[in-house]
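Structure, as structure tokens:
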Amino acid sequence: MESLLVSTGVVALAEIGDKTQLLAFILAARFKKPVPIILGILAATVVNHGLAGALGAWITATLSPEVLRWVLGLSFIGMAAWTLVPDKIEEEETRIASKFGVFGATLVTFFLAEMGDKTQIATVAMAAHYATPLLVVIGTTLGMLIADVPAVFIGDKLANRIPMKLVHSIAAGIFALLGIATLLGAGATLGF
């Protein structure tokens, strides 16, 4: 259960102010059709994070526990630093919308926006750390929806009121704690 709860919370925090949340704002403002946008976000996230979770499981099976501990610990610390860097939306990701309809545009743009994004990398790391990739993928998908679904309904009215630096600092702190705990061998009972 810890893997589900931690992955949900970390991704929900990390997504606030992320480019996919900005993309949700843009798509909602442009199309004003929340249901296909939310379904597109869900489908893209399940596929993207599912692949990331599978990669995390493969890494766990491939690396020795000692090497894995160092890779994961340093990855979490790297994620802490990356979380402090704000994302900007790329305009070409939103141009795809005119070709595929609302659901298709959301699916394609969210999938592409998440490729190599911090939450995808975090999903790989958490799936490897917890050795329960399915629960991690469910958690990271829930975290993505917790952050992005309100963005679809509320739009940028709320975005201007959320203290992004504070939210990013909290998410970075959680990643840093996970990294330090991993490096110190806190997961030794799990084989790390």
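The set of residues in the stretch 26-51 that are closer than 16 Å to residue 150 by Cα, open to solvent by 30 Å² or more (accessible area, probe 1.4 Å) and among the aliphatic types (A, V, I, L, M) comprises 26, 29, 35, 38, 39, 42. Note on the stretch 105-120: residues that are part of a helix (DSSP H, G or I) and within 8 Å of the chain's Cα centre (by Cα) total 4. Among the conditions (1) among the polar types (S, T, N, Q); (2) within 11 Å of the chain's Cα centre (by Cα); (3) surrounded by fewer than 22 Cβ atoms within 10 Å (Cβ to Cβ), the only one that residue 60 does not satisfy is (2).
May I ask you to verify whether residue 23 is out of contact with any strand residue (DSSP E or B) (no Cβ under 6 Å at 6 or more places or on another chain), open to solvent by 60 Å² or more (accessible area, probe 1.4 Å) and in contact (Cβ under 8 Å) with a residue 60 or more places away in the chain? Give the derivation first.
Details: out of contact with any strand residue (DSSP E or B) (no Cβ under 6 Å at 6 or more places or on another chain): yes; open to solvent by 60 Å² or more (accessible area, probe 1.4 Å): no; in contact (Cβ under 8 Å) with a residue 60 or more places away in the chain: yes.
Here the answer is no, as residue 23 does not meet what is asked.
Taken over the stretch 4-22, the criterion of being over 13 Å from residue 141 (Cβ atoms) and in contact with a Ser or Thr (Cβ under 6 Å, 6 or more places away or on another chain) is satisfied by 14 alone. Screening the candidates 12, 43 for the property of being outside any loop (DSSP other than H, G, I, E, B) and within 21 Å of residue 80 (Cβ to Cβ) yields one hit, 12.
Is it the case, given these coordinates, that residue 108 is over 15 Å from residue 20 (Cα atoms) and either buried (at least 22 other Cβ atoms within 10 Å of the Cβ) or at pLDDT 75 or above (or both)? The answer is no for residue 108.
Selection of the stretch 46-70 for residues being assigned to a helix (DSSP H, G or I) and free of Cβ contacts under 8 Å to residues at least 40 places away in the same chain yields 51, 58, 61, 62, 66, 67.
Here is a yes/no grid of residues against (1) touching a Lys or Arg at 6+ places or on another chain (Cβ under 7 Å); (2) modelled with pLDDT of 70 or more; (3) open to solvent by less than 70 Å² (accessible area, probe 1.4 Å):
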position: 145; (1), (2), (3): no, yes, yes
position: 150; (1), (2), (3): no, yes, yes
position: 155; (1), (2), (3): no, no, yes
position: 165; (1), (2), (3): no, yes, no
position: 172; (1), (2), (3): no, yes, yes
position: 175; (1), (2), (3): no, yes, yes
position: 180; (1), (2), (3): no, yes, no
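Is there a residue being among the aliphatic types (A, V, I, L, M) and surrounded by 23 or more Cβ atoms within 10 Å (Cβ to Cβ) anywhere in the stretch 134-143? Yes, the stretch 134-143 contains a residue that is among the aliphatic types (A, V, I, L, M) and surrounded by 23 or more Cβ atoms within 10 Å (Cβ to Cβ). Has the stretch 79-100 got any residue that is touching a Phe, Trp or Tyr at 6+ places or on another chain (Cβ under 7 Å), open to solvent by less than 70 Å² (accessible area, probe 1.4 Å) and at pLDDT 85 or above? Within the stretch 79-100, not a single residue is touching a Phe, Trp or Tyr at 6+ places or on another chain (Cβ under 7 Å), open to solvent by less than 70 Å² (accessible area, probe 1.4 Å) and at pLDDT 85 or above.
The values are calculated or read from the model by the stated rules, or taken from the named source; none is laboratory data. This structure is a prediction, so every number in the text was calculated from the model and none was measured. Virtual Cβ from ideal backbone geometry, glycine too; neighbours counted across all protein chains shown. In case anyone asks, the SASA skips ligands and DNA or RNA and just uses the protein heavy atoms, side chains included. Shrake-Rupley method; radii C 1.70, N 1.55, O 1.52, S 1.80 Å.
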